[in-house]
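The values are calculated or read from the model by the stated rules, or taken from the named source; none is laboratory data. Fair warning: this is a prediction, and the values are worked out from it, not measured in the lab. Using ideal geometry, Cβ is built from the backbone for each residue, glycine included, and neighbour counts are taken over all protein chains shown.
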2 protein chains.
Amino acid sequence: MSQRVKEMEGSTRAMVEDLCLAAKKASRKLALLDNETRSAALRAGAACLRDEVVLIGEENQRDINGAEAIGLSAALIDRLRLTPERIEAMAAGVEQVAALPDPLAEQIRAWTTPSDLRIRQVRIPIGLIGVIYESRPNVTADVAALCLKSGNAVILKGGKEAIHSNTVIADLLGDAFSAAGIPDCSMELIRSTEREATHTLLTQTGVVDMVIPRGGLTLQRAVAENAKVPVINHFEGICHVYVDKDADLEMAEEITFTAKVGRPGVCNAVEKVVVHSDVAMPFLRSIGPRLKAAGVELRADKHAMRYLPDARPATEDDMHTEFLDLVLAVKVVDSIDDAINFINTVGSGHSDSIITKNRETADKFLAGVDSAVVYENASTRFTDGFQFGFGAEIGISTNRVHARGPMGLRELTTYKYIVQGDGQYI
Amino acid sequence: MSQRVKEMEGSTRAMVEDLCLAAKKASRKLALLDNETRSAALRAGAACLRDEVVLIGEENQRDINGAEAIGLSAALIDRLRLTPERIEAMAAGVEQVAALPDPLAEQIRAWTTPSDLRIRQVRIPIGLIGVIYESRPNVTADVAALCLKSGNAVILKGGKEAIHSNTVIADLLGDAFSAAGIPDCSMELIRSTEREATHTLLTQTGVVDMVIPRGGLTLQRAVAENAKVPVINHFEGICHVYVDKDADLEMAEEITFTAKVGRPGVCNAVEKVVVHSDVAMPFLRSIGPRLKAAGVELRADKHAMRYLPDARPATEDDMHTEFLDLVLAVKVVDSIDDAINFINTVGSGHSDSIITKNRETADKFLAGVDSAVVYENASTRFTDGFQFGFGAEIGISTNRVHARGPMGLRELTTYKYIVQGDGQYI
């Protein structure tokens with residue numbers, strides 16, 4: 001590594017460290033503000049975004065020009081683009097978060113010990129959260145709103161292709177927040193596009209309390225690999241629908257079909273249908289042509305191939321893949337136990353559903369499948385903060401602790417114990 | 001590295017990987033057992049320990065002989081030693097855990113969405129937990145009981161000086177558990193004393209769901225540094241007592257004195273007393289000689305030195321140190337805000353207490369100090385699972401998420417969402 005590169009990296013590192021320390025300090029003051037102050041600041045921020053549609057559009061155009069110049073795909077450029085409608089939606093989103101109930105108002109438990117200590121377990125903000133995301137610049141406003149509403153300071157690190165859009169949004173919101181009494185540095189955007197900036201953020205043990213990567217598997221893996229601070233993973237959603245021998249086959253077909261073709265690119269879309277051998281023939285013969293007509297490529301095991309003349313034989317890899325596309329793997333099993341074992345072995349612990357009318361079989365599935373969300377007679381597509389009624393979503397966790405499944409405001413909090421006594425000692 | 005060492009490491013790694021996979025598989029079955037089965041197995045295990053006092057004593061003597069041969073200190077050998085009384089206490093401890101309420105019985109929340117999905121958030125075991133500990137062999141039984149009661153499979157890795165004691169305890173419990181219907185491999189001891197064994201355990205991402213290191217700071221740091229799986233840290237307890245200007249000075253003295261001299265080597269002992277300048281003279285002139293008489297070395301800031309003629313001037317390092325000894329640092333501040341800032345800056349977020357009769361000042365401290373447990377008019381020594389009424393303790397977490405402060409059975413659980421519908425899709 002050249003001396004020049006080393007110096008640049010050193011200065012990026014120092015800059016990000018300073019930003020994190022300042023934000024951590026701000027987080028302590030922010031945690032003490034009441035809900036009305038935090039919410040009013042969000043409303044002021046939303047108003048500011050609306051007032052500056054032209055400015056935001058101009059800065060966004062710089063990113064679009066840059067993206068076109070380096071030949072990014074039309075799909076990526078569309079993700080990057082902020083139209084007046086999208087800016088309005090972004091402002092409205094911030095206002096919606098402001099209007100949600102205060103996630104810090106909850107007392108989790110309270111009790112008195114035999115030594116007459118009064119103990120309360122209360123919700124508090126996590127502290128300083130780092131969020132790393134990719135090209136969509138509206139994430140900047142979205143994440144800033146969720147973190148501020150939950151009393152957390154936040155360091156944002158967006159994609160380098162959206163740097164002008166992200167910068168103008170963060171500047172506008174930051175000014176509005178400060179004017180509304182939010183401590184300076186409570187929300188900071190890392191303006192450096194160096195890789196070293198992300199690396200520094202991921203290693204601020206004791207300063208950055210949690211990092212949330214929002215983006216594809218490559219980003220998730222890179223973050224998990226390099227982070228020294230706690231990370232909320234959003235790994236794969238290899239979701240299953242299991243069609244039991246006692247299923248309502250019409251219901252099974254509607255749920256499977258829509259969970260595949262509705263939005264195949266999302267993590268709660270179904271990637272595999274597991275069918276009990278007793279109903280494999282009628283179910284697959286009915287849904288097969290319909291899936292084919294919708295452009296879905298089927299990859300079937302040997303048994304299922306009998307009823308799916310247009311399917312390709314599934315490889316071992318197909319059973320472990322999140323296709324995120326119009327592809328569906330099909331597996332036939334001989335029992336509920338085989339279905340549960342299969343899903344626990346090749347699934348990703350995200351969301352899995354059983355379709356059955358049999359109470360006992362359903363209970364076995366709901367208890368035995370080791371996923372964040374298990375469904376009976378409903379689509380896996382409901383794994384979503386809004387569908388769950390959280391009013392907002394910062395992501396869907398595939399971690400096993402702290403937060404599982406859809407994460408709303410509550411999942412951006414932790415707790416502390418407050419103990420009051422009258423001079424007790426031991 | 002020689003070919004021979006490489007091969008040994010490779011075989012240790014493969015052995016630990018196999019053990020983890022088998023335990024993970026067992027964890028899925030274990031999670032489905034009811035509380036009575038898990039508790040009865042623990043009672044059977046306790047009976048077995050009692051029946052085999054002689055055998056345990058013999059195996060323990062082998063460890064003691066080994067420890068003496070390599071010249072371990074008398075204190076370490078005492079930690080290693082299992083007398084018949086200690087074996088009885090170990091068995092009784094397992095029975096106490098068996099008698100605790102089922103931590104898996106709780107439904108955290110339940111609600112119905114506008115789309116008429118019935119959502120329940122229920123407690124489940126975390127899955128497979130790794131526990132790494134040092135010389136005391138009774139930890140083997142203690143940890144096995146806590147994990148089994150909470151439905152978790154566990155891989156144990158004890159200190160190499162206790163290998164014979166740990167092995168006999170794990171074998172006896174394991175046989176008793178199996179006979180009582182607990183899935184094989186639910187509790188496994190790593191019998192290799194190679195360093196590679198620990199390293200392998202720490203990197204089984206997706207198999208080992210959480211690791212809990214129980215031991216000193218060196219172990220904690222090594223685990224935090226090398227782990228790829230989530231870790232519950234038990235870092236330092238740099239605990240403070242803040243004596244406010246409105247304190248009952250007699251109460252302040254009793255709490256400070258006992259929190260220092262009672263058991264100076266534990267993490268919830270006080271390491272620093274912070275005193276408001278208005279009461280520094282009477283408080284320090286009264287407690288100073290008493291602490292000195294009890295053998296406590298005082299390290300005071302400039303202001304406090306005026307009233308503590310026998311103290312040494314505190315260095316900057318003293319303010320950041322967990323002494324775990326009869327040493328107390330003393331700091332004088334001019335306001336509650338200074339006290340809060342000081343504690344948040346140099347503390348370790350473990351346990352801190354304010355002594356005051358002023359409601360407003362107390363509330364400021366309880367809200368502003370960013371620690372797992374904050375006290376008003378009580379000793380920091382109460383940060384303990386038993387004192388909190390949890391009935392058991394697997395440790396005291398200094399993490400900010402999942403579990404903070406004392407960890408009982410509930411903190412060995414996570415949750416999943418069970419969603420029941422009538423064919424809903426989107």
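Condition first: farther than 22 Å from A:Ala294 by Cα, at pLDDT 95 or above and of a type outside the set (A, V, I, L, M, F, W, C). Now tell me which residues in region A:318-344 satisfy that. Within region A:318-344, A:Asp334, A:Ser335, A:Asp337, A:Asp338, A:Asn341, A:Asn344 qualify.
Exactly one residue out of B:Val211, B:Val261 is outside the structural domain of B:Asn341 (by TED's automatic domain parsing) and in contact (Cβ under 8 Å) with a residue 24 or more places away in the chain, and it is B:Val211.
Within the set A:Thr205, A:Thr200, the sole residue that is of a type in the set (S, T, N, Q) and surrounded by fewer than 20 Cβ atoms within 10 Å (Cβ to Cβ) turns out to be A:Thr205.
The helices (runs of 4 or more DSSP H) found entirely in region A:140-254 that carry 2 or more residues being of a type in the set (D, E, K, R) and over 24 Å from B:His402 (Cα atoms) are A:163-179, A:195-201. For region B:255-288, a residue qualifies if it is within 14 Å of chain A (Cβ to nearest Cβ), within 14 Å of B:Ser353 (Cα to Cα) and not in a loop (DSSP other than H, G, I, E, B), and the qualifying residues are B:Ile255, B:Thr256, B:Phe257, B:Thr258, B:Ala259, B:Lys260, B:Val270, B:Val273. Checking the structure you have, find out if any residue of region B:344-362 is hydroxyl-bearing (Ser, Thr, Tyr) and either outside the structural domain of B:Ala259 (by TED's automatic domain parsing) or within 14 Å of the chain's Cα centre (by Cα) (or both). Looking through region B:344-362, at least one residue is hydroxyl-bearing (Ser, Thr, Tyr) and either outside the structural domain of B:Ala259 (by TED's automatic domain parsing) or within 14 Å of the chain's Cα centre (by Cα) (or both). With respect to being crowded, with 17+ Cβ neighbours inside 10 Å, at pLDDT 95 or above and not basic (Lys, Arg), A:Leu33 fits the description. On the stretch given as region A:122-141, residues that are surrounded by fewer than 24 Cβ atoms within 10 Å (Cβ to Cβ) and free of Cβ contacts under 8 Å to residues at least 60 places away in the same chain total 3. Please determine whether any residue of region A:75-90 is in contact with a Lys or Arg (Cβ under 7 Å, 6 or more places away or on another chain), in the same structural domain as A:Ile124 (by TED's automatic domain parsing) and of a type in the set (Lys, Arg). Yes. When A:Asp18, A:Asp51 are checked against the criterion of being in contact with a helix residue (DSSP H, G or I) (Cβ under 9 Å, 6 or more places away or on another chain) and free of Cβ contacts under 8 Å to residues at least 12 places away in the same chain, A:Asp51 stands alone in meeting it.
Would you confirm whether or not region A:62-78 contains a residue that is closer than 16 Å to A:Val139 by Cα, in contact (Cβ under 8 Å) with a residue 24 or more places away in the chain and in contact with a Ser or Thr (Cβ under 9 Å, 6 or more places away or on another chain)? Taking every residue of region A:62-78 in turn, at least one turns out to be closer than 16 Å to A:Val139 by Cα, in contact (Cβ under 8 Å) with a residue 24 or more places away in the chain and in contact with a Ser or Thr (Cβ under 9 Å, 6 or more places away or on another chain). Only one residue in B:Asn233, B:Asn226 is surrounded by fewer than 17 Cβ atoms within 10 Å (Cβ to Cβ) and within 13 Å of chain A (Cβ to nearest Cβ), so which one is that? Checking each option against the conditions leaves just B:Asn226.
Residues in region A:273-301 that are crowded, with 18+ Cβ neighbours inside 10 Å and out of contact with any Lys or Arg (no Cβ under 9 Å at 6 or more places or on another chain): A:Phe283, A:Ile287, A:Gly288. Of all residues in region A:111-146, count the ones that are touching a strand residue (DSSP E or B) at 6+ places or on another chain (Cβ under 8 Å) and farther than 30 Å from B:Thr380 by Cβ. Total satisfying the criteria: 9. Residue-level check: of (1) touching a residue at least 60 places away in the same chain (Cβ under 8 Å); (2) buried (at least 24 other Cβ atoms within 10 Å of the Cβ); (3) among the hydrophobic types (A, V, I, L, M, F, W, C); (4) closer than 28 Å to A:Asn233 by Cβ, A:Val346 misses just (2). Would you check if A:Asp370 is farther than 30 Å from A:Asp142 by Cβ, within 23 Å of the chain's Cα centre (by Cα) and either at pLDDT below 95 or in the same structural domain as A:Glu254 (by TED's automatic domain parsing) (or both)? Yes; evaluated as a whole, the condition is true for this residue.
Once region A:354-380 is narrowed to residues that are at the interface with chain B (Cβ under 7 Å from one of its Cβ atoms), among the aliphatic types (A, V, I, L, M) and touching a residue at least 24 places away in the same chain (Cβ under 8 Å), the residue that is surrounded by the fewest Cβ atoms within 10 Å (Cβ to Cβ) is A:Ala372. Within region B:24-46, one or more residues are among the hydrophobic types (A, V, I, L, M, F, W, C) and touching a Cys at 6+ places or on another chain (Cβ under 8 Å). Taken together, the criteria exclude B:Val241 from residues that are within 14 Å of chain A (Cβ to nearest Cβ), hydrophobic (A, V, I, L, M, F, W, C), in contact with a Cys (Cβ under 9 Å, 6 or more places away or on another chain) and within 26 Å of B:Ile396 (Cβ to Cβ). Quick one: would you say B:His320 is crowded, with 21+ Cβ neighbours inside 10 Å, of a type outside the set (Ser, Thr, Tyr) and touching a residue at least 12 places away in the same chain (Cβ under 8 Å)? The answer is no for B:His320. Of the helices (runs of 4 or more DSSP H) contained entirely in region B:40-121, those carrying at least 1 residues that are loosely packed, with under 12 Cβ neighbours inside 10 Å and modelled with pLDDT under 95 fall at B:74-80. Which of the residues belonging to region B:345-381 are of a type in the set (Phe, Trp, Tyr) and closer than 18 Å to A:Thr113 by Cα? Listed by number, the list holds a single entry, B:Tyr375. Among the residues examined, B:Val327 qualifies as of a type in the set (A, V, I, L, M, F, W, C) and surrounded by fewer than 21 Cβ atoms within 10 Å (Cβ to Cβ). Taking region A:170-208 as the range and being touching a residue at least 60 places away in the same chain (Cβ under 8 Å), within 14 Å of chain B (Cβ to nearest Cβ) and within 24 Å of the chain's Cα centre (by Cα) as the test, the residues that pass are A:Leu202, A:Gln204, A:Val207, A:Val208.
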